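The values are calculated or read from the model by the stated rules, or taken from the named source; none is laboratory data. Remember, it's a predicted structure, so these values are computed and weren't measured experimentally. Cβ placement follows ideal geometry from the backbone for every residue including glycine, while neighbour counts extend to all protein chains displayed. These accessible areas exclude ligands, DNA and RNA; they are computed on the full protein's heavy atoms, side chains included. Shrake-Rupley method; radii C 1.70, N 1.55, O 1.52, S 1.80 Å.
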Amino acid sequence: MSRPVIGITTWRRTLRDELDVPKDVDTSSPSYQHAVARAGGLPILIPHTLPQQAAAYLDLLDGLILAGGNDVTPARYGSTRTFADEQYDANRDECEINLARLAKARNLPTLAICRGLQVSAVALGGTLVADIPRSLCHPKQSGLASDDDWRHDVTIDVDSPLGALIGGYARVNSLHHQAILQPGELRVAAHAPDGVVEAAWHPTWSFIGVQWHPERIYDESDKARTLFTDLIARAGAPTRTA
């Protein structure tokens, strides 16, 4: 049986090469790729070189992961608040907004993670909190050493598709300073104790989005693994719109 092909979006960053020369590189954490492969899928990486070719990329796929990364450009959701230490990428925004809208139109099975959840909300008419208030479950990002510093609980709507998958509670690892304010077409599925939105779903699109990073805790968390095995199961089912 062939493995469902799962596209994973990338993050363009400036890194130094072997000659110490800065170069732009499309990057992806191997954690995403390993999680997809171990769940039974075939991971491939999607560059955002040609945002207008989103449909051509989706033609290759059985499922999609909108991955984490840098902030969505504030103007995309009507905000003027920017952050000096953030590198915005208008090309990536355009590519992923196009991917999200077309994936919805095709009912392509999708898992959105961290930024991926935020950009999905923006693509479908939502807005973001530019900078969430600091709290015990969302401390300042600077100085955090490991996933252990990010951990907090979330309460999940048991009547949502996410709740049906993993129940009404999870211990998660989310590192972010932005979050969904207005979900647009999405439906909120989970909150942190401080009220921050931590997950969402869509009523007509095979979509689940989480603010945390299940790919990083794949080995230790049954619930994290379930998010990936569910994506592969959805991607392997002949139910999406051509």
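Summed over the stretch 37-62, residues that are crowded, with 17+ Cβ neighbours inside 10 Å and either in a loop (DSSP other than H, G, I, E, B) or of a type in the set (S, T, N, Q) (or both) total 6.
A quick yes/no check of all residues on (1) open to solvent by less than 30 Å² (accessible area, probe 1.4 Å); (2) among the small types (Gly, Ala, Ser):
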site	(1), (2)
12	no, no
25	no, no
35	yes, yes
64	yes, no
82	no, no
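What's the number of the condition residue 125 fails, among (1) at pLDDT 95 or above; (2) in contact with a strand residue (DSSP E or B) (Cβ under 7 Å, 6 or more places away or on another chain); (3) on the phi > 0 side of the Ramachandran plot? Of the numbered conditions (1) at pLDDT 95 or above; (2) in contact with a strand residue (DSSP E or B) (Cβ under 7 Å, 6 or more places away or on another chain); (3) on the phi > 0 side of the Ramachandran plot, the odd one out for residue 125 is (2). Filtering the stretch 1-20 to residues that are over 18 Å from the mean Cα position of the chain (by Cα) and either charged (D, E, K, R) or not in a loop (DSSP other than H, G, I, E, B) (or both) leaves 3, 14, 15, 16, 17, 18, 20.
Note on the stretch 21-36: residues that are within 21 Å of residue 68 (Cβ to Cβ) and in a strand (DSSP E or B) total 4. If the condition is being out of contact with any Gly (no Cβ under 8 Å at 6 or more places or on another chain), over 17 Å from residue 150 (Cβ atoms) and in contact (Cβ under 8 Å) with a residue 24 or more places away in the chain, then the stretch 193-221 contributes 202, 204, 205, 206, 207, 208. Scanning the stretch 182-207 for residues that are within 27 Å of residue 106 (Cβ to Cβ), outside any loop (DSSP other than H, G, I, E, B) and open to solvent by 10 Å² or more (accessible area, probe 1.4 Å) returns 182, 187, 188, 197, 201.
Just the residues that are surrounded by fewer than 19 Cβ atoms within 10 Å (Cβ to Cβ) and modelled with pLDDT of 95 or more, please, taken from the stretch 226-242.
Result: 226, 229, 233.
If you check 57, 88 for being more than 21 Å from residue 126 (Cβ to Cβ) and free of Cβ contacts under 8 Å to residues at least 60 places away in the same chain, only one passes: 57. Of the residues making up the stretch 182-196, those that are closer than 21 Å to residue 73 by Cα and modelled with pLDDT of 95 or more are 182, 183, 184, 185, 186. Residues of the stretch 40-58 that are within 17 Å of residue 205 (Cα to Cα) and either out of contact with any Lys or Arg (no Cβ under 8 Å at 6 or more places or on another chain) or at pLDDT below 95 (or both): 55 alone. Residues in the stretch 151-179 that are assigned to a loop (DSSP other than H, G, I, E, B) and at pLDDT 95 or above were compared, and the one that is surrounded by the fewest Cβ atoms within 10 Å (Cβ to Cβ) is 159.
All conditions but one from (1) within 26 Å of residue 43 (Cα to Cα); (2) touching a strand residue (DSSP E or B) at 6+ places or on another chain (Cβ under 8 Å); (3) in a loop (DSSP other than H, G, I, E, B); (4) not β-branched (Val, Ile, Thr) apply to residue 71; the one that does not is (2). A residue that is of a type in the set (A, V, I, L, M, F, W, C), within 27 Å of residue 40 (Cβ to Cβ) and in contact with a strand residue (DSSP E or B) (Cβ under 6 Å, 6 or more places away or on another chain) occurs nowhere in the stretch 173-185.
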